[in-house]
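Trainee: Here it is, the structure, as structure tokens.
The values are calculated or read from the model by the stated rules, or taken from the named source; none is laboratory data. These figures come from a predicted structure and were not determined experimentally. Note that each Cβ is placed from the backbone with ideal geometry, even for glycine, and that neighbours are counted across all protein chains shown.
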Amino acid sequence: MSWFSRLTNGLSKTRKGLFFDFPSSSKTSHVDWDSLEFSLISADVGMELSDEIINDTKANLEDGTPFQSALEKALLHQLEPPGIRHKLRQVGFNIDVTRKVVEPKGQVIMVVGVNGVGKTTTIAKLAHYYRNLGRSVMFGAADTFRAAASAQLEFWGDKLDISTITGGHGGDPGAVAFDAATARKANGSNLLLVDTAGRLHTKHNLMEELKKIHRVISKVEDSEPADVWLVLDAITGQNGLEQAKRFHQAIPLTGIIVTKLDGSGKGGVIVPIVRDLHVPIKFIGIGETLDDLQPYDAASYVKALLHRPDHTT
Ligand code: GDP
């Protein structure tokens with residue numbers, strides 16, 4: 001299956017809930033704005049941003065732009081992170097769906113998020129992604145709180161032939177992070193993916209634990225080190241946004257991965273994440289297999305969301 005088909009299939013739930021029949025006319029009076037607003041809010045875009053998208057769409061229709069393009073442009077306006085807006089102007093409506101490569105800052109990515117969001121599976125998918133780019137990868141199992149967490153990471157490690165540094169159950173996660181970062185340096189692997197605990201994200205001690213892991217890795221790596229990527233489950237919609245804010249306050253996030261977009265009609269939550277947090281979305285998860293992790297690209301995302309069979313690319 002092509003990359004774009006995978007993406008459009010993965011987003012089908014949001015797409016179905018999101019949009020009603022597109023009017024063929026570009027006259028604003030022919031559009032059912034109330035239904036559009038309702039569907040945007042149902043997809044968890046949020047009230048305020050839904051209004052902005054609708055107003056932008058209306059403005060775009062004024063010069064005779066067809067409805068789908070007007071809406072596409074309005075969505076893209078919200079989803080393009082600051083700094084690359086010029087791309088929007090450059091490409092107009094001819095959106096490029098070329099696959100881009102997501103590069104981490106350094107050699108370590110700490111993966112954080114509450115239990116059940118898909119953290120461990122995402123780590124395996126990331127390993128698969130970076131290995132396909134020719135990088136050597138290692139795992140650090142710094143969730144020592146749940147024995148099952150290390151076991152699950154080791155399972156993926158065995159399956160992908162990736163070595164996993166673990167600690168004893170209940171042991172110090174900072175010590176595992178230290179061992180893993182030291183091992184990465186010693187064997188010269190390109191990338192260390194560190195799994196972390198995800199219990200009770202509201203509790204102070206978890207946040208302290210994450211900060212410590214980050215400090216330890218920084219020390220070993222000798223530089224501003226680890227990326228901190230938060231995994232968010234799209235099904236949690238607006239609650240996910242609150243989770244992200246709490247993590248971000250404790251430990252500055254350098255990226256977000258939104259998982260389970262295939263199982264959710266809440267794909268619109270990406271809009272407030274981009275707008276409110278100013279943390280880039282790195283990847284999106286659209287299924288359970290290793291290939292179901294895609295670099296996030298606003299233009300492709302919008303295109304896939306609004307994709308109609310007649311408009312196949
Ligand atoms: P963790 O507790 O955060 O480490 O979560 P897991 O990695 O164990 O994942 C929990 C469940 O979510 C598993 O059944 C995964 O297969 C599933 N999962 C993870 N990512 C996705 C995704 O993008 N789409 C779907 N449909 N399922 C996913």
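Trainee: When only residues in the range 107-150 that are among the charged types (D, E, K, R) and crowded, with 21+ Cβ neighbours inside 10 Å count, which is nearest to the ligand (Cβ to nearest atom)?
Mentor: Taking the range 107-150 as the starting set, the residues that turn out to be among the charged types (D, E, K, R) are 119, 125, 131, 135, 143, 146.
Cutting the leftovers down to crowded, with 21+ Cβ neighbours inside 10 Å gives us 119, 125, 143.
Values: Lys119: 3, Lys125: 8, Asp143: 8 Å.
Within the range 107-150, the match that is nearest to the ligand (Cβ to nearest atom) is Lys119.
Trainee: Then there's this: Since Ile284 meets every condition but one in (1) surrounded by fewer than 17 Cβ atoms within 10 Å (Cβ to Cβ); (2) at pLDDT 85 or above; (3) under 15 Å from the mean Cα position of the chain (by Cα), which condition does it not meet?
Mentor: If we test Ile284 against (1) surrounded by fewer than 17 Cβ atoms within 10 Å (Cβ to Cβ); (2) at pLDDT 85 or above; (3) under 15 Å from the mean Cα position of the chain (by Cα), just (1) comes out false.
Trainee: Taking the conditions exactly as written (among the β-branched types (Val, Ile, Thr), buried (at least 23 other Cβ atoms within 10 Å of the Cβ) and touching an Asp or Glu at 6+ places or on another chain (Cβ under 9 Å)), does Thr164 satisfy them or not?
Mentor: It is false that Thr164 is among the β-branched types (Val, Ile, Thr), buried (at least 23 other Cβ atoms within 10 Å of the Cβ) and touching an Asp or Glu at 6+ places or on another chain (Cβ under 9 Å).
Trainee: Another one. Between Leu153, Leu230, Leu191, which is buried (at least 16 other Cβ atoms within 10 Å of the Cβ), more than 16 Å from the ligand (Cβ to nearest atom) and closer than 15 Å to Thr122 by Cβ?
Mentor: Answer to the selection: Leu191.
Trainee: Mind telling me which of the residues Thr182, Thr164 ends up being at pLDDT 95 or above, within 16 Å of the ligand (Cβ to nearest atom) and of a type in the set (Ser, Thr, Tyr)?
Mentor: Values: Thr182 fails: within 16 Å of the ligand (Cβ to nearest atom).
Step by step, each of Thr182, Thr164 is checked, and only Thr164 is at pLDDT 95 or above, within 16 Å of the ligand (Cβ to nearest atom) and of a type in the set (Ser, Thr, Tyr).
Trainee: I've got another one for you. If only one of Lys260, Lys266 is on the phi > 0 side of the Ramachandran plot and touching a helix residue (DSSP H, G or I) at 6+ places or on another chain (Cβ under 7 Å), which one is it?
Mentor: Testing whether each residue is on the phi > 0 side of the Ramachandran plot and touching a helix residue (DSSP H, G or I) at 6+ places or on another chain (Cβ under 7 Å) leaves just Lys260.
Trainee: While we're on this one: Suppose we filter Glu224, Glu242 for residues that are more than 18 Å from Val114 (Cβ to Cβ), at pLDDT below 90 and among the charged types (D, E, K, R); which single one remains?
Mentor: After applying the criteria, what remains is Glu224.
Trainee: Answer with yes or no whether Lys266 is modelled with pLDDT under 90 and under 30 Å from Asp44 (Cβ atoms).
Mentor: When the stated conditions are applied, Lys266 passes them.
Trainee: Could you tell me whether Asp21 is among the acidic types (Asp, Glu), more than 16 Å from the ligand (Cβ to nearest atom), modelled with pLDDT of 80 or more and within 24 Å of Thr65 (Cα to Cα)? Quick ask: steps written out before the conclusion?
Mentor: On the way: among the acidic types (Asp, Glu): yes; more than 16 Å from the ligand (Cβ to nearest atom): yes; modelled with pLDDT of 80 or more: no; within 24 Å of Thr65 (Cα to Cα): yes.
No.
Trainee: Being outside any loop (DSSP other than H, G, I, E, B), within 21 Å of Lys105 (Cα to Cα) and not charged (D, E, K, R) narrows it down to one residue among Leu193, Leu153; which is it?
Mentor: On inspection, the qualifying residue turns out to be Leu193.
Trainee: Tell me which residues, restricted to the range 202-221, are aliphatic (A, V, I, L, M) and either out of contact with any helix residue (DSSP H, G or I) (no Cβ under 7 Å at 6 or more places or on another chain) or at pLDDT 90 or above (or both).
Mentor: If the condition is that a residue be aliphatic (A, V, I, L, M) and either out of contact with any helix residue (DSSP H, G or I) (no Cβ under 7 Å at 6 or more places or on another chain) or at pLDDT 90 or above (or both), then Leu206, Leu210, Ile213, Val216, Ile217, Val220 are the ones that fit.
Trainee: Does Pro309 meet the test of being more than 16 Å from the ligand (Cβ to nearest atom), at pLDDT below 85, more than 16 Å from the chain's Cα centre (by Cα) and surrounded by 19 or more Cβ atoms within 10 Å (Cβ to Cβ)?
Mentor: When the stated conditions are applied, Pro309 does not pass them.
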